Every structure is written in structure tokens, then in C-alpha cells.
Amino acid sequence: MAKYILKRILYLFLTLFIIASITFFLMKLLPGTPFSNQNRMSADQLKIVKAQYGLDQSVGVQYVRYMVGLLHGNLGTSFQFNNEPVTALIGQRLAPSMQIGAQAMILGTVLGILLGAVAAIRKNTWVDTLATFISILGLSIPSFVLAVLLQFYLAYKWKIYPVALWDNFQSSVLPTLALTALPLGTVARFMRTEMVDVMSSDYIELAKSKGNPNWRVVAKHALRNSLIPVVTIIGPMAVSVMTGSMVVENIFSIPGIGEQFVKSITTNDYPTIMGLTIFYSFLLIIVYLIVDILYGLIDPRIRLGNGGKE
Amino acid sequence: MDQIPQIPKEKFKLVHDENNKEQEKIGTPSLTYMQDVRRRLFKNKVAVVCLTLLSIIVLISIFAPVIAPHDPNAQQVTLSNLPPKLGNLNIPGMNGYQNMGGHMVDAYKQAGAPKGTSFILGTDYLGRDLLSRIIYGTRLSLIVAVLATLVDLLIGVPYGIVSGWKGGRTDTVMQRIVEIVSSIPNLIVVILMMIVLKPGLTSIVIAIAITGWVTMARLIRAQTFQLKEQEYILAARTLGEPSMKIATKHLIPNLSSTIIIQTMFTIPNAIFFEAFLSFIGIGIPAPNASLGTLLSDGQKAFRFLPYQMWAPAIILSIIMIATNLLGDGLRDAFDPQSSEH
Amino acid sequence: MDKILEVKDLHVDFDTYNGTVHAIRGVNFHLNAGETLAIVGESGSGKSITVRSVLQLLASNATISKGEVLYHGDDLLQKSDKEMDKLRGNKISMIFQDPMTSLDPTMTIGKQVAEPLLIHNNISQKDALKRAEEVLRLVGIPNPAARMKDYPHQFSGGQRQRIVIAIAIVDYPEILIADEPTTALDVTVQAQIIDLLKELQQKIGTSIIFITHDLGVVAGIADRVAVMYAGRFVEYGSVDDIFYNPQHPYTWGLLDSMPTLDTNEDARLNSIPGTPPNLLDPPKGDAFAPRNAYAMQIDEEQQPPFFKVSKNHFAATWLLHPDAPKVTPPAAILNRYKKFEKLGGNAK
Ligand SMILES: Nc1ncnc2c1ncn2[C@@H]1O[C@H](COP(=O)(O)OP(=O)(O)OP(=O)(O)O)[C@@H](O)[C@H]1O
Ligand SMILES: [Mg+2]
């Protein structure tokens, strides 16, 4: 296991390196410089600014510099936002994003598991149909549409929650809800398929033949076996929550990294875009790694894989 | 059992030969696989409803120039932000009246619209007819989705087949690439591409397809691996049929269910990405309408003129829901065990 | 003799996409205390459905449309789910066909074996686990104390089937239903499992219903044999009756297709030509008629009743009707008849 994790961490760095390189060169491909539209600057001023960002050097030198910086955890300096280092920007803005992201993931997963399990247990009844319909809605309605609707009705019209504000837990409710739909739908659907499969398996039959009452069959055997694979979709779910958070943060004016990312895009702040891209990828790879390890820990077939006596 | 039934004697004649022929008649008529799939699909009510809805939407998009009542980009600033009005029918919410300072006012009259003017879904801030914009917007979104899906197929299917068929080192290398591509969040790649490329239809398609093919390639590879070991394919291989022929004659038909089902999940994905990009302002450039730009415009005015967002939101959601459900229906139809009735 | 289980006129239907499958069409049998009854028949003949009906462990699209399942005279089909749960795994337990998939992959085997005890008895977890360990030793799992905490994938196929058996017997059931417990195993392991079942039967005195499609296994374990075809029983009797004095042409076919050690004069194996009937639309007459070289017109028109061959031996074929023509069974069967006479029987 330790060897496996080590190998994975090595891959992690390799992947990050490739992503960083691709991002870097893509950004260099861009026509013009980020300052070309600021014609208020004189040629001299431009030169100074360029030198300040190291843009007067050759692309090769810039690349090596950027990579060395990365190794030291330096993601470059923003063109906008008071020329703050990108790492500092991320540092200030990580907490709100993490909060709503984590809330949405947890809420979505828990509700999704419940919904999926109920649908599977009541397979082919109206309960199942309703649950399936809810999960399809969750999967299909984009989070930004949901965000706008929630904002309009729950905040603006009925004044239950703040419209766009970031201070206490109250203000995180609506963005969390908007982001919850997708993980909820995904998990519910996955859980249902998984559990229907498990419920028709031989070992469930055996569990019934032991005299287990229905609730006990579900609680002791079916749930655990269907829950384990749900772990594998945490990764893709994290991606969709990240994606969603970019607009949702924007709509609710939450000072998070998603909002930052969109702002950087609209202001052509390349260092920040680059830095955030690498940071997002890093986050994601870490999530995937953790999920893999977690899966190994909770599934006895993998956990004791090498001790097996097949 | 104890009393022996009385049976006419002649019934005890042996009849062996005839019977063996009889046997052939027994059993339900066997259908070809595709017929069976179609039958199962059409028995699924949800799938049929979705298919019908999607067909209607596709047809409207194809014939948009004929169906749309106005030019989607024609501006009439005097007639901006008019509420929905359906002819002269006096249906609340569809009669051109608007709440202004607590009174219901005929917005059309106020704007000085010529008598008889009516916009079924109202107009936007530039006085463009919303219905026409939605029809054209849907058309553009569908074009993006279809093109992106096509590119997906053109890259993903051959990639998956080659990777699965060759195996060995080729496969390892190709899978590494897939792993790296898929470890970057799709959307980030798409956004990066959109920043680098000029905004527009082609860029969106390229940006979406550049990561989208990965899922398709993965599925196809896994299936090819399985198919490779099937007897008829082994036979074709030992007989020395050229790979290209095996691929087109044996592989593609067997992969078709995977391809069709996956396509049904790629389309909503592409529609989502387009909407997302346009929503944050780096997608389809103005003045063209797509569902994403309409949502984005609608959101800006949502507080006061909610209908401007509701309409595109509903259409977008319907397309997404219907394609997802149809995908489910197709999967069940192709593989009845998976849903196990 | 004491009938502990009696099934009367059992009918089971399945609701399917293509229509209603009449899988079981009037099955009657009983099980005496302490005996082993084998049910044999081709794949799909309804063996599993028959015995699963006893415990009402059927798929959700199944309905028991008619019949009685009398356990000590009590009709189980009238019992609530809760009452059935009290019997399952306690009075009547079941061993399933595939040991590779029958165990919960995420639960330690100690817990799985102890589970029936915890459900049915007022017993502490500790005591239950202790009993589970004893039973695992009884079924021949080496070093059970150390292996209680292992998971199913850490055992071989044969060991897993022993564990499944341990689960079935841990609460000393009166009736043990073994649904092809050896089919998935290789021959030597098969023999070990059969021996184990016999040994356990002696130790704990349970009655066994043993299902198989392999007649070869039957001789080693059963007291009586029932032959099943297309959702009905076609012949039943003692092992000797069925093996050496078979009357139904389907039984002839089954015996003919079975490899034996002592019939080497005709080493060729004959499989029965044709396929079983479609149970969506079961034939009016004898379901075997289309595949039967000895079929008569009446076979197509009317289902044969059971004719009594000897005291405990019955067969449902019109050939036993007094008006039926005398037919000559295949040579291999005639050989069997000879042996029957040597055994002191009175072959027809
Ligand atoms: N869930 C179901 N839905 C529809 N038909 C079913 C279902 N389960 C069983 N059947 C049908 O019932 C018949 C009897 O099945 P059963 O499982 O009892 O056969 P079997 O004699 O045990 O065969 P095997 O030796 O293969 O285990 C088969 O024809 C089968 O097609
Ligand atoms: Mg069976």
C-alpha cells in the first residue's frame, strides 16, 4: 500500500508538471500582451512593466523561471488585483469556496445516498419513479440556473436568505443548495443502480434465507456493499462542484477562488488564470488520490488484496 | 392416480416422426437484435416522450428561419423589455400588461407599439423578439452540441479501438495520455481553450471536444478489449483479415450500442458547457443568441423581468432532461439485464 | 413415516416482458423426517423455483398462484413475512448453487456464520461467534479460530461452499435445502462436499432436499429421487426404482445421458434431442411429447396422470396405461432392468 501511494504521488507531480507546461505555453500562444489594450501606457512605461513581470526575457527563460517558482510554491504575480502574488489571492479566497464546496458535497452525497437507496428498495414503484425524477432534475438543471432562481425567490422575493453577501452561515445556504443538486442527482442515480444490483445478488438471497427481516438485509448487507462503490464517484463530483462554484460564487458575490477565476478571465489576468488552473488541477488530483486510498481502506477485497488465498 | 382414466384406444398410437417437426413451431418468433432494441425502446413511455420532445425541438431548430416570427437580431429599441403577449387573447401573464408601481399597465400601449403588435415571449432590452431569439438560440446550442459530439466520436472511437486493439505498450502510452487529459477538470481546459482561441462557434466546439473524447475513448477501449477475445473476431484475425476490415465489419457494429448511449450523454454535456461559457461571457459572441447568452441576458434582468430568463431556462432544462432520460432508455433497450424488469 | 414437509399442487408464475411464464405447473411431493430427497432435471426445469417456493424466496415478479406448502401440517403460504423469517435459516435453511457469489464480500465469515444464531436466538455475540467457530471446524475449515476474521475472497471455492454449508446448519435446521451445492466445484471437491452433507445429516439429523441436474451425484446421497421436467414432476421413487426401473421416457433419456462406470458396453453418451417447451405457453398434453420418441397421440392432448409402478414409485406417462402399446426402452435401460431384477425387484 505504501509503495502504491508513493507511486501515485510521483505520478501526481508528473501530471502537475505536464499541466503546468501546457498551461504556460497556451498562455504564451495568446496574441499580444495583456497590456496591449492599455494604450494609456507609453512605450517606456510598457517596457518597465514588462521587465517587472519578466516578459522581456525569451519564452524559454520565462518557462524555466515559472517552473522553478512553482517548485517553491510560487504561482506568479497577478497583473490585476494590486499585483498580489497568486498564492496570496488563493489563500485569501480559498476558505469560502471550500466551505460551500464541502457543504454541497456532503449534503448532496448524504441526500443522494438516501434517495438512491429508497429508490432501489422500492424499485419499480412510484417512489422509485419520483426519486429517479428528482435525480434527473438534479443532473440536468445547470447550477447557475438554479442559483439565479434560488436567489430570486428565496432571497429577493421572500427575503429568507441574503441576496448576495458573505458573512455568516446563512449566506452560504443558497450557494450550497445551488451546488448540491448535481452531486445529489449523480449519487442518487449511481446508488440506485448499485443497490439494485446488490439487491439481486446471491449473497442478499442468502441473507434473506438466514431469516433476516427486510430492514436487516438492507442495513447489514445491502447498504454497505452498495456504498463502497459510491466512493469512486467522489472525484468526478468534486469536479462538477468546482465547475459550478465558478458561476455560483459569481452570482452570489462570494469572495472565493471560483469568482476570482472568472474575474481573471474577463480581465485577461494570465498569471492568475495560470495559477488557478494549476491549483485546481492540483486539488483535483489530490481528491482522486484520497478517494483511491479511501476505497482501498474500506473495501476488504482491496485492503487485504495481497493476503488473499485464492 | 388410482383409478385409471378411460381413453379411446386409438389415441395410443405412437407418432414419433411428425412430432419432431412440430417442435420447430414452438417458441416466440425471434426478432433481430435491432428490432428487439427498438421494440423495447418504444415500450418505454418515458423514452418515447423524450424522443418526441427532442424531435420537435430539433425540427423547430432546423426550420428556424421559417418558424421564427421575427429576425432574432432585429432591434427596436422603442419596444424594449415588453412582457409576453399572445395576440389579443386576454390571458393573465400573456396579455402584455405589466405591474408598474402597483398598477397593471398595458406595456405595449405605453411603448407606443403599433396596434396588433404582440410578442409571445416578450422582447429583451434591445427590443428583440425573445421567441425568435430562443428558437435561434436553441438551434445554435444544438449545433454546438452535435458538432462537439461528432468531433468526440471522430477522435474517441478510433482512439479507443486502436488502444484496445493494439494493447501492450501502445495501449499503456495512450492510456497515460488519457489519464493526464482527464485529470485536468474539463471545464478548465475548455476555458483555457476559449481564452486562447477567438470566441465563436468553432472555438467552442474545439474546446468542448478536446476533453470530451476521453470518456468515449475509455469506454470503447474497454469494449474493444472484450470483443477482441470473442471467437468470431479471433477467427477473423487468424484468417488474416485486415485490421481495418475487422474494425469496420466486426467491431463498429458491436460497439454501436456503447457509442449511441454515450452520445446521448455527451450531448447534454456539450449543451451545458456552451451555456456555461456563454453565461460567464466567453462563449458565443453578441449579437448571436445561444441558450447560454439568453440565460446570461435573462439573469441580468431577472429581478424585474423574470420571464426573460424563465423561457431559455426551461428549454435548456427540457433538452438536458430529455437527452439524459433518452440515454437511460436506450441503455435499458440495448441491455435489458442492466435494468432487469 | 413422518412427513415433515408436503407440497401440494404448487403453481408458480412469472410476470415477464413477454408474458406470463408458467414455471411450475402443479408439483406434488413430500419429505420424510431424516431422509434425503433428490430432485433432478435439466436446467430450467424448475427445480430451484420449486424449493424456493418453500421458503418463499422468489424474485419479485413471481407469484405462487396455487398450492400448499405444509410444514408439519401448517401451510407456509398462509404465513406472514415475519412468521416466515422465523423459519428461514432456523427450521428450514438453504444452500445455494454458487459459493463464489453467495457470501457477503464485505463481512467477515465469522459474523456471517454467526448471523442466523443472532437473529433467531437470544444469544450474545460472543457465544454466537464461538458456536460459529465450532461449526466452521465441523465443516472442515482448517484453523477456524484464526480465520473467523477473514473475508470470503480469502477462501477457495470449496472452502466457501463449506462456509455456506456452515451458515445453513449453524442453527440445526430440520430441513436443509441444497440447491446444486456442488455444481460450481470440481469433481474431487464435489465428492468431499457430498460426504460432508451425509456426515452432517447423521450428526444433526436433518432432512435434506438435494437438487442437482447430475444423476451421478444422486446415487451417493439420496434415499428417494424425483425427476422434474418443464415445471412438473414426471417420475419419483427410491434411488433403485429410478436408476434401475425407470418408466418415464424422460428418465430414460436422463439416465442414458449419464456417464456411468458399469455400463461400458455403450460408452457413447446420448443427450436428449430437442429443447424444453416454452413455458410462456405450456403444451396442453405431456410437455415431453415433442422430444419423446415414444410419444402417442394422447400425449399431445392430455397430461398423463401419475401411474403407480410399485409402492413408492410413480411415473406420469401414458405408456403405463393398460391400453398403451408395449414399447421397448433403449438398450441401456434394458440393462438397468436386468440389474433391478438381480437386486430382487420386479422390473416391468
Ligand atoms: N425471475 C424470473 N423471471 C422469469 N422467469 C423465471 C425467473 N426465474 C426463473 N424463471 C424461469 O423459471 C424456470 C425454472 O427456473 P429454475 O431456476 O427453477 O430452473 P432450475 O431447474 O433450477 O435450473 P438450473 O439447473 O439451471 O438451476 C425457467 O424456465 C426460468 O426461465
Ligand atoms: Mg437452479
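Here are the numbers for the structure shown:
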quantity: Test: residue C:106 is open to solvent by 10 Å² or more (accessible area, probe 1.4 Å), within 11 Å of chain A (Cβ to nearest Cβ) and over 27 Å from residue C:26 (Cα atoms); calculated: no
quantity: Which numbered condition residue C:89 misses (of (1) within 16 Å of ligand 1 (Cβ to nearest atom); (2) within 18 Å of the chain's Cα centre (by Cα)); calculated: (1)
quantity: Residue match in the stretch C:156-170 (condition: over 20 Å from residue A:213 (Cβ atoms), surrounded by fewer than 20 Cβ atoms within 10 Å (Cβ to Cβ) and within 8 Å of chain A (Cβ to nearest Cβ)); calculated: yes
quantity: Close pairs (9 angstrom Cβ cut-off, 6 or more residues apart or separate chains): touching a residue at least 60 places away in the same chain (Cβ under 8 Å) and more than 28 Å from residue B:185 (Cβ to Cβ) in the stretch B:249-273, part of a helix (DSSP H, G or I) and of a type in the set (S, T, N, Q) anywhere; calculated: B:251/B:223; B:251/B:224
quantity: Qualifying residue in the stretch C:138-159 (condition: hydroxyl-bearing (Ser, Thr, Tyr) and either under 21 Å from residue C:209 (Cβ atoms) or in contact with a Ser or Thr (Cβ under 7 Å, 6 or more places away or on another chain) (or both)); calculated: yes
quantity: Answer residue from the stretch C:88-103, given it is more than 7 Å from chain A (Cβ to nearest Cβ) and within 30 Å of residue C:9 (Cβ to Cβ) and is farthest from ligand 2 (Cβ to nearest atom) among those; calculated: C:91
quantity: Residue count for the stretch C:172-206, restricted to those that are within 16 Å of ligand 1 (Cβ to nearest atom) and within 14 Å of chain A (Cβ to nearest Cβ); calculated: 7
quantity: Positions within the stretch C:1-56 being more than 17 Å from residue C:173 (Cβ to Cβ), among the polar types (S, T, N, Q) and more than 16 Å from ligand 2 (Cβ to nearest atom), in sequence order; calculated: C:16, C:18, C:20, C:28
quantity: From the options A:208, A:263, residue that is open to solvent by 20 Å² or more (accessible area, probe 1.4 Å) and facing chain C (nearest Cβ under 9 Å); calculated: A:208
quantity: Enumerated strands (runs of 3 or more DSSP E) restricted to the stretch C:27-95, each holding at least 1 residues that are more than 20 Å from residue C:164 (Cα to Cα) and out of contact with any Cys (no Cβ under 9 Å at 6 or more places or on another chain); calculated: C:36-40, C:62-71
quantity: Residues being in contact with a strand residue (DSSP E or B) (Cβ under 7 Å, 6 or more places away or on another chain), open to solvent by 10 Å² or more (accessible area, probe 1.4 Å) and within 16 Å of ligand 1 (Cβ to nearest atom) - total across the stretch C:216-228; calculated: 0
quantity: Lone qualifier among C:19, C:67, C:44, C:34 - being within 13 Å of ligand 1 (Cβ to nearest atom) and either within 27 Å of residue C:241 (Cβ to Cβ) or under 17 Å from the mean Cα position of the chain (by Cα) (or both); calculated: C:44
quantity: Top-ranked residue in the stretch B:274-289 [being free of Cβ contacts under 8 Å to residues at least 60 places away in the same chain and assigned to a loop (DSSP other than H, G, I, E, B); ranked as most open to solvent (accessible area, probe 1.4 Å)]; calculated: B:286
quantity: Residue under evaluation residue C:43, criteria (1) closer than 16 Å to residue C:226 by Cα; (2) of a type in the set (Ser, Thr, Tyr); (3) more than 11 Å from chain A (Cβ to nearest Cβ); (4) surrounded by 18 or more Cβ atoms within 10 Å (Cβ to Cβ), criterion not met; calculated: (4)
quantity: So residue C:24, is it within 12 Å of ligand 1 (Cβ to nearest atom) and either open to solvent by 30 Å² or more (accessible area, probe 1.4 Å) or assigned to a loop (DSSP other than H, G, I, E, B) (or both); calculated: no
quantity: Pair list, Cβ < 6 Å and 6+ apart or interchain, from the stretch C:65-90 residues that are within 24 Å of residue C:115 (Cα to Cα) to residues that are of a type in the set (D, E, K, R) and not in a helix (DSSP H, G or I); calculated: C:89/A:210; C:90/C:171
quantity: Pick from the stretch B:190-213, criterion in contact with a helix residue (DSSP H, G or I) (Cβ under 6 Å, 6 or more places away or on another chain) and at the interface with chain A (Cβ under 9 Å from one of its Cβ atoms), ranking: farthest from residue B:270 (Cα to Cα); calculated: B:196
quantity: Neighbours by Cβ (under 7 Å, 6+ apart or cross-chain): first from the stretch B:216-228, more than 22 Å from residue B:148 (Cβ to Cβ); second modelled with pLDDT of 90 or more and not hydrophobic (A, V, I, L, M, F, W, C); calculated: B:224/B:160
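The values are calculated or read from the model by the stated rules, or taken from the named source; none is laboratory data. Worth saying up front: this structure is predicted, and the values here are computed from it rather than measured. Counting neighbours? That spans all protein chains shown, and the Cβs are built from the backbone with ideal geometry, glycine included. To get the accessible areas, we keep the full protein, side chains included, count just its heavy atoms, and leave off ligands, DNA and RNA. Shrake-Rupley method; radii C 1.70, N 1.55, O 1.52, S 1.80 Å.
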